[in-house]
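**Q** Here it is, the structure, as structure tokens.
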Amino acid sequence: MIATIVDWSDLLQTIGASILAGVGITVAFSVVIWGTARFADLNREDRPAPAVAALAASGLALAVVAAGVVFGIVVMTTK
Amino acid sequence: MSSDVVLVIVVGTALAFDFTNGFHDTANVVATSISTGAAAPGVAIGMASILNFVGAFISISVAATVANDVVNAEVITPTIVFAGLVGAISWNLFTWWFGLPSSSSHALIGGVVGSAVAAAGFHAVIAEGLIGKVLIPAILAPLLAFLVAAVAIGVGYRIVGHQRPGVVSRGYRYGQLLSGGMLALAHGTNDAQKTMGVITLALIAHGSLGAEADPPLWVIASSATAIALGTYSGGWRIIKTTGTKIIKMDAAQGFSAQGAGAAVILASTHFGYPLSTTHVINGGVMGAGAAKRVSAVRWGVAGNIVTAWILTLPAAAVIGAAVYGITRIFGTGALGPLIVTLMSLSLLTAVFARRVRRGAPVAVS
């Protein structure tokens, strides 16, 4: 009976979107922190090239976080 | 004329419920930010209030579910909605008094279902909507938040594991301004819509709106204002339970718990599921704690919270049914709701006077 009452398509999309957004944002933000911390350490060790690479990774991850947040809000407002 | 008076009482009661919802629930939204030191209590609550207000305007899917998919609008009267609201408010205040983060949303739905069954029998309930859009998501949502927070914090710790703890902690604390903001926005969009849905249901029952109508702008704006004001008024007793008694969190755990909560609530809101933010954020908090160390979660406190969750729907339903019975003693007009309102206000005044005499609410330690 429950199998016919529940809209499994909506429910599975909710589960998928929650996992993707919840885990994705935390992972991307962790990369932001990792990149920033590595940039400071590598700069102190006078290794400019890896430091810039770490900073670039951090910047890219920050862009992913921002894009994820904006995308989520746009999806919410367009239904 | 009589039905107009009842409608005015219902709208006033619904907005009062919305206020208590903000007062009661949003404590859970800001608790993690406060307990990790990411934001001062005043800043966190002020930000949550503004984002609750904004969030109320971004979707009406949940309002549509509450207005059309839980009870049969054709047999609903404004008095039934009123009795359901009083049942929900009563249960909210009872659990607030004891510091239990139960669900305002399920209290509201339980109250309306209980009063509808008391008035018109079980055929007043749309079983398909109640099970498929309320009960199943109610069970899945906290489990999903638990899983998402646990996986997220596990991966996050691996990424930042070898970095200096001070930098990592500071970074996640900054991040909590974002994740806490998203959670407040999510709370506003899901919870304020339940009040919008109930007021819309009353307007349909009154004949002011057609069947399956969307909430008018004044309903959206007044619901947004009520939940924002309730949020700003705070709920310190429940902040303490969620923020410090379930687990002692670090900033990374707070970030992942809030991120998981926001993701689950926003995704569910998109599909019109009237979730409990309380269930979801507590699921996220437990997941973030258990992923680091299972024994870090104070399972006894968590058990008390689960008990409150399980009791919420039936308890609010019983109170809603009883309130409907009391209103019917005075006939089908406005007298019953008026008398119940006066009795409730008298009781509330006595309770708060006692609280004031006893001293200020509990602050976060």
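The values are calculated or read from the model by the stated rules, or taken from the named source; none is laboratory data. It should be emphasised that the depicted structure is a prediction, and the values quoted were computed from it without experimental measurement. Here Cβ is always computed from backbone atoms with ideal geometry, including for glycine, and neighbour counts include all displayed protein chains.
**Q** Could you please find all residues in region B:332-356 being in contact (Cβ under 8 Å) with a residue 60 or more places away in the chain and more than 17 Å from B:TRP91 (Cα to Cα)?
**A** Going residue by residue through region B:332-356, those that are in contact (Cβ under 8 Å) with a residue 60 or more places away in the chain are B:332-334, B:336-338, B:340-341, B:344, B:348, B:351.
Matches in region B:332-356: B:THR332, B:GLY333, B:ALA334, B:GLY336, B:PRO337, B:LEU338.
**Q** Further, regarding this structure: So in region B:149-170, with the set limited to residues that are small (Gly, Ala, Ser) and buried (at least 20 other Cβ atoms within 10 Å of the Cβ), which one is farthest from the other protein chains (Cβ to nearest Cβ)? Walk me through it before giving the result.
**A** Residues of region B:149-170 small (Gly, Ala, Ser): B:149-150, B:152, B:154, B:156, B:161, B:166, B:169.
Retained after the next criterion (residues that are buried (at least 20 other Cβ atoms within 10 Å of the Cβ)): B:149-150, B:152, B:156.
On the way: B:ALA149: 7, B:ALA150: 10, B:ALA152: 4, B:GLY156: 4 Å.
The extreme case among them is B:ALA150.
**Q** Taking A:ILE33 as meeting all but one of (1) facing another protein chain (nearest Cβ under 10 Å); (2) at pLDDT below 95, write down the number of the exception.
**A** A:ILE33 satisfies every listed condition except (2).
**Q** Right, another one. Determine which member of the set B:VAL148, B:VAL112, B:VAL160, B:VAL155 is modelled with pLDDT of 90 or more and touching a strand residue (DSSP E or B) at 6+ places or on another chain (Cβ under 8 Å).
**A** Working: B:VAL148 fails: touching a strand residue (DSSP E or B) at 6+ places or on another chain (Cβ under 8 Å); B:VAL160 fails: touching a strand residue (DSSP E or B) at 6+ places or on another chain (Cβ under 8 Å); B:VAL155 fails: touching a strand residue (DSSP E or B) at 6+ places or on another chain (Cβ under 8 Å).
Being modelled with pLDDT of 90 or more and touching a strand residue (DSSP E or B) at 6+ places or on another chain (Cβ under 8 Å) holds for just one of B:VAL148, B:VAL112, B:VAL160, B:VAL155, which is B:VAL112.
**Q** Now a separate question. Being within 15 Å of B:ASN92 (Cβ to Cβ), among the hydroxyl-bearing types (Ser, Thr, Tyr) and either part of a helix (DSSP H, G or I) or at pLDDT 75 or above (or both), is that true of even one residue in region B:311-318?
**A** For region B:311-318, residues within 15 Å of B:ASN92 (Cβ to Cβ), among the hydroxyl-bearing types (Ser, Thr, Tyr) and either part of a helix (DSSP H, G or I) or at pLDDT 75 or above (or both): present.
**Q** When both residues are 6+ apart or on different chains and their Cβ atoms are under 8 Å apart, which pairs have a first residue that lies in region B:202-221 and is among the aromatic types (Phe, Trp, Tyr), and a second that is loosely packed, with under 15 Cβ neighbours inside 10 Å and at pLDDT 90 or above?
**A** Final answer for the pair search is none.
**Q** Please go through (1) touching a residue at least 24 places away in the same chain (Cβ under 8 Å); (2) surrounded by fewer than 24 Cβ atoms within 10 Å (Cβ to Cβ); (3) over 30 Å from B:GLU128 (Cβ atoms); (4) of a type outside the set (Lys, Arg) for B:ILE329 and return the number of the only condition it doesn't satisfy.
**A** (1)
**Q** Also, I was wondering about something else. Where residues in region B:136-148 are facing another protein chain (nearest Cβ under 7 Å) and in contact with a Ser or Thr (Cβ under 7 Å, 6 or more places away or on another chain), which of them is surrounded by the fewest Cβ atoms within 10 Å (Cβ to Cβ)?
**A** Of region B:136-148, the ones facing another protein chain (nearest Cβ under 7 Å) are B:136, B:144, B:148.
With in contact with a Ser or Thr (Cβ under 7 Å, 6 or more places away or on another chain) added as a condition, the list becomes B:144, B:148.
Working: B:LEU144: 25, B:VAL148: 31.
Result: B:LEU144.
**Q** Moving on to the next point. Going by the conditions given, is B:ILE139 in a helix (DSSP H, G or I) and within 23 Å of A:THR14 (Cβ to Cβ)?
**A** Considered against the rule, which asks whether it is in a helix (DSSP H, G or I) and within 23 Å of A:THR14 (Cβ to Cβ), B:ILE139 comes out as yes.
**Q** Which numbered condition trips up B:ASN68, out of (1) surrounded by fewer than 21 Cβ atoms within 10 Å (Cβ to Cβ); (2) in contact with an Asp or Glu (Cβ under 6 Å, 6 or more places away or on another chain); (3) under 20 Å from B:THR312 (Cα atoms)?
**A** Against the list (1) surrounded by fewer than 21 Cβ atoms within 10 Å (Cβ to Cβ); (2) in contact with an Asp or Glu (Cβ under 6 Å, 6 or more places away or on another chain); (3) under 20 Å from B:THR312 (Cα atoms), B:ASN68 comes up short only on (3).
**Q** Quick one: is A:ALA57 exposed (fewer than 12 other Cβ atoms within 10 Å of the Cβ), more than 10 Å from chain B (Cβ to nearest Cβ) and of a type in the set (A, V, I, L, M)? Walk me through how you get there before you give the answer.
**A** Details: exposed (fewer than 12 other Cβ atoms within 10 Å of the Cβ): no; more than 10 Å from chain B (Cβ to nearest Cβ): yes; of a type in the set (A, V, I, L, M): yes.
In short, no.
**Q** From the list B:LYS194, B:LYS133, which residue is assigned to a helix (DSSP H, G or I), at the interface with chain A (Cβ under 9 Å from one of its Cβ atoms) and under 24 Å from B:VAL10 (Cβ atoms)? Walk me through how you get there before you give the answer.
**A** Values: B:LYS194 fails: at the interface with chain A (Cβ under 9 Å from one of its Cβ atoms).
Selected residue: B:LYS133, the only one of B:LYS194, B:LYS133 that is assigned to a helix (DSSP H, G or I), at the interface with chain A (Cβ under 9 Å from one of its Cβ atoms) and under 24 Å from B:VAL10 (Cβ atoms).
**Q** Quick one: which residue in B:VAL54, B:VAL117 is of a type in the set (Val, Ile, Thr), farther than 16 Å from B:ALA226 by Cα and touching a residue at least 60 places away in the same chain (Cβ under 8 Å)?
**A** On the way: B:VAL54 fails: farther than 16 Å from B:ALA226 by Cα.
Selected residue: B:VAL117, the only one of B:VAL54, B:VAL117 that is of a type in the set (Val, Ile, Thr), farther than 16 Å from B:ALA226 by Cα and touching a residue at least 60 places away in the same chain (Cβ under 8 Å).
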